[in-house]
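Below you'll find the structure, written out as structure tokens, and then a few comments.
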Amino acid sequence: MELAVLSITFIILLIIGVPVAFSIGLASVATVLYAGVPVPIVFQKMVGGMQVFSFMAIPFFVFAGELMLYGGIAERIVRFANSLVGHVRGGLGMSNVVGCTLFGGVAGSALADVSAMGSVMIPLMKKEGYDADYAVNVTTHAALVGVLMPTSHNLIIFTLATTGIASVSVLSLILAGIIPALLLTLCNLAAAYYVAVKRGYPTRGSFPGWREVAVALVAAMPGLLIVLIILGGILSGIFTAAESAATAVLWALLVTALVYRTLSWGNFVKACAKAAKTTGIVLLLIGISSAFGYFMALYEVPQRTGELMQSITSEPWIIFLMINVLLFLLGTFLDMAATILVCTPILLPIAMQYGMDPVQFGIVMLINCALGLNTPPVGVTQFVGCAIGGISVGQVMRSILPFYGALTFCLLLVTYVPAFSLWLPSLMGR
């Protein structure tokens, strides 16, 4: 009965529009009151859930991404991407995909990626004759690659959500995300090219030559180096994941303030405020989800969910498909951090029982959550893209299938071919 109170209260609060963090917290309190457990246990679990040293990486990664967003790095990345692929059919769409991937690697945030690259590329694409729905779909889907990049704070959140279930290192997850991120980029390029050919978008100029590509790359390189610094530093043992996040902030400040000299005092203050707000929201979700997770473990939610799935089928490939469908549906109305924190304790043990490595599950989880970022009613990246493009979500959804298909294809490959996510960590001995 306590489990029913926990689940029903949580669902009802979400349906009536209560924010996710408060829905989780109030459902936990309702369960405590019904079960007669002392109320302070909720707050003890909340505080304990936030008192983890590894969480230091989250505000630093978020702050580094905001500095990159407000520091003018996007324009140089756009120039490099355009010089590389801008001459093919639907060239601005191709440039958009490459640019979003590169900026996503720097910022580690799909929302920052859409905000920065979208404000540059969407108006430019519309001006050059591309349809608004195409410009928005290309941008919002390409930006999703950012959740798999080394600078993504969601990698940290997942590793901490596995505490007590499996041992997943941040470095293993960072390495596991690299090949799927490249695969996701190729799928986005294929979808953008397919739609460009179908709609008859023209080619735009000719290849400017490798000298122009090299010049654009040199201009963008100081910002792009952050990914290599993080990977190199962690792999060599120079610093930990938390220290790499602090290094990312220092590098972002150095590049935007001293190298490019594009970070004004006003934009610095905006970056600080936005990072503080995002960090507060994420840590609140982490704390409240810790209390929620305590009750899910206490009332054996993972075991009961696993038994329910086993009653339907015992085939691993069907179990994995069911997990993907469930994660996708939850991602349409839950924030990404909330989905990770709530679903990992439930679904990871089931996936492991049927042979999926926890690191592979982490990448599957992140790709599903990324799809949720671009799906109503919560799809924040889609809302931002539509606002920039001056188009309704309904119009964008009518032409979204090729892009959804590309991302779903990538998700299925990562789900059923473990080597896509596990080969690089195993190569590095992780």
Of the candidates ALA192, GLY379, ILE11, the farthest towards the positive dipole end of the chain (Lys/Arg Cβ +1, Asp/Glu Cβ -1, centred on the Cα centre) is ALA192
The relative contact order of the stretch 39-427, taking Cα pairs under 8 Å that sit 6 or more residues apart, comes to a percentage of 27
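Mind checking the dipole of the chain: about its Cα centre, +1 per Lys or Arg Cβ, -1 per Asp or Glu Cβ, Debye to the nearest 20?
So the dipole magnitude of the chain works out to roughly 1000 debye.
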Computed about the Cα centre, the charge dipole of the stretch 76-200 from +1 Lys/Arg and -1 Asp/Glu charges at the Cβ has a magnitude in debye, to the nearest 20, of 280
In cubic angstrom per residue, the convex hull of the stretch 41-170 built on its Cα atoms measures 128
For the chain, the longest principal axis of the Cα atoms and the Cα long axis of helix 401-416 enclose an angle in degrees, to the nearest 10, of 60
Residue-ordered couplings for the stretch 270-279, obtained by feeding phi - 60° into the Karplus form 6.51 cos²θ - 1.76 cosθ + 1.60 and rounding to whole Hz (Gly and Pro as x), are 4, 5, 4, 5, 5, 5, 5, 5, 4, 4
Computed over the stretch 304-430, the relative contact order (Cα-Cα under 8 Å, seq sep at least six) in percent reads 26
Over the chain, the sum of -39500 (n - 2.57) across DSSP H runs of at least four, divided by residue number and rounded to 500 deg cm²/dmol, gives at 222 nm -25500 deg cm²/dmol
Residue-ordered couplings for the stretch 175-183, obtained by feeding phi - 60° into the Karplus form 6.51 cos²θ - 1.76 cosθ + 1.60 and rounding to whole Hz (Gly and Pro as x), are 5, 5, x, 5, 5, x, 5, 5, 4
Row for the stretch 191-234, column shape: gyration tensor on C-alpha, a ≥ b ≥ c, rounded if a/c < 1.5 i.e. under 1.5, prolate if a/b over b/c, else oblate; value oblate
Rounded to the nearest whole number, the Stokes-Einstein translational diffusion coefficient of the stretch 319-430 at 4 °C and 1.567 mPa s (Kirkwood radius, C-alpha pairs) in µm²/s is 87
The chain: spread of alpha-carbon positions along the three principal axes, whole Å, largest first, is 70, 45, 44
Whole-number value, in Å³ per residue, for the convex hull of the alpha carbons of the stretch 363-417 is 72
Relative to the chain, whose Cα atoms define the longest principal axis, helix 20-35 and its Cα axis are tilted in degrees, nearest 10, by 0
For the stretch 151-228, inverting the pair-averaged 1/r of distinct alpha-carbon atoms gives a Kirkwood value in Å of 16.4
If one compares the long axis through the Cα atoms of helix 301-312 with the longest principal axis of the Cα atoms of the chain, the angle in degrees, nearest 10, works out at 80
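Since every read-out is calculated from the coordinates, none of them should be taken as a lab result. Quick caveat, the model's predicted, so the values are computed rather than measured. So basically every Cβ, Gly included, is an ideal-geometry build from the backbone, and we count neighbours across all protein chains shown.
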